[in-house]
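Every number in this text was worked out from the coordinates using simple rules, so none of it is lab data. Just so it is clear, the model here is predicted, and its values are computed rather than measured. FYI the Cβ positions are ideal-geometry reconstructions off the backbone, even for glycines, and counts take in every protein chain you see.
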Amino acid sequence: NIYYKQEKIREWAPAGMRFWTKIQHNDGSFDEFYPNERGWTGPTGFLLYAMLKSYMLLEKQGEFPSDFKEQFFTTCRKAADYIIKYDEHGVLANHHAMAVLPVYYAYHVLQQKDLLEGYEKKLEEFLSYHTKEGWSLEYDGADIGYLSATVSFLGKVYKLNGDERLKKVMDESVE
């Protein structure tokens, strides 16, 4: 990776995060491809997870700009609220698993109890699409590719919280 151990990343990451806060819609969403698209977990969920994970890495090193925390946390909160409040048409279990991931990370970083309640809500929605056979509903059936994405999303949450419901789904999915 040409960016490995490159000092410029320490400048670029917070600059990208600042830009991210400026392109958020008032409802907390972000666009994926088209202006005013207001995407759910595709753009909003993936971005929120990436930003929170970047924050955690920078903060651990003592390199997250302190003058930016309030604005960053406000943007994260609005994005998490958007994910909790909305859904999308059609059943795509991997998108619901993706909703679980950034909402839990928002709770982990912001430590606001209602975000934990949002995590529980999103997890229950996801679990309603997971079968005892070990697959999760994608439109009208199983999809092994999306199932691997689902396991990845849930695994990232499990690393933080050890939620046995996640482990059960992951074990069933792998089996």
Checklist line | Note, ³J(HN,Hα) from phi for the range 6-11, Karplus 6.51, -1.76, 1.60, rounded to Hz, x at Gly and Pro | finding: 8, 4, 4, 4, 5, 8
Next item on the list: Express the relative contact order of the chain as a whole percentage, based on alpha carbon pairs under 8 Å and six or more residues apart in sequence.
Entry: 19 percent
Item checked: Mean separation of Cα contacts under 8 Å, 6 or more apart, over the residue count of the range 105-175: relative contact order % -> 26 percent
Next item on the list: First select every other residue whose beta carbon is under 12 angstrom from the beta carbon of residue 30; then total the charges, Lys and Arg +1, Asp and Glu -1.
Entry: -1
Next item on the list: Arrange the peptides 55-68, 37-50 so that the one whose residues have, on average, the most other Cβ atoms within 10 Å appears first.
Entry: 37-50, 55-68
Next item on the list: Could you size up the charge dipole of the range 8-144 around its Cα centre, putting +1 on the beta carbon of Lys and Arg and -1 on that of Asp and Glu, and report it in debye to the nearest 20?
Entry: 640 debye
Checklist line | residue 32-residue 85 pseudo-label distance in nm [points 7 Å out on the Cα-to-Cβ vector] | finding: 2.0 nm
Note to self: I'd like the FRET efficiency for residue 131 and residue 167, computed as 1/(1 + (r/R0)^6) with the beta carbon distance as r and R0 of 22 Å, rounded to 0.05.
What the structure shows: 0.85
Next item on the list: Report, in deg cm²/dmol and to the nearest 500, the calculated mean residue ellipticity at 222 nm for the chain, where each DSSP H run with n ≥ 4 adds -39500 (n - 2.57) and the sum is divided by the residue count.
Entry: -20500 deg cm²/dmol
Checklist line | Backbone HN-Hα couplings from phi across the range 161-168 [Karplus 6.51/-1.76/1.60, Hz, Gly and Pro as x] | finding: 10, x, 5, 5, 5, 5, 4, 4
Checklist line | ³J(HN,Hα) computed for each position of the range 44-57 - Karplus, 6.51 cos²θ - 1.76 cosθ + 1.60, integer Hz, glycine/proline x | finding: 5, x, 4, 5, 4, 4, 4, 5, 5, 5, 5, 4, 4, 5
Margin query: Using a 7 Å offset from the Cα along the Cα-to-Cβ direction at both residue 114 and residue 4, what is the distance between the two label points in nm, to one decimal?
Written below: 4.4 nm
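Here are some pairs, 60/122; 5/167; 132/156; 22/167; 22/121; 78/168; which of them have Cα atoms lying more than 26 Å apart in this structure? Show your work: numbers first, answer last.
Details: 60/122 28 Å; 5/167 34 Å; 132/156 22 Å; 22/167 37 Å; 22/121 28 Å; 78/168 30 Å.
From the list (60/122; 5/167; 132/156; 22/167; 22/121; 78/168), the Cα-Cα distance tops 26 Å for 60/122; 5/167; 22/167; 22/121; 78/168.
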Notebook entry, point to check: What residues qualify as long-range amide H neighbours of residue 92, i.e. H under 5 Å apart, gap of 5 or more or another chain, H built at 1.01 Å from N?
Noted result: 139
Next item on the list: Could you rank the peptides 11-23, 101-113 by their average count of other C-beta atoms within 10 Å per residue, with the highest value first?
Entry: 101-113, 11-23
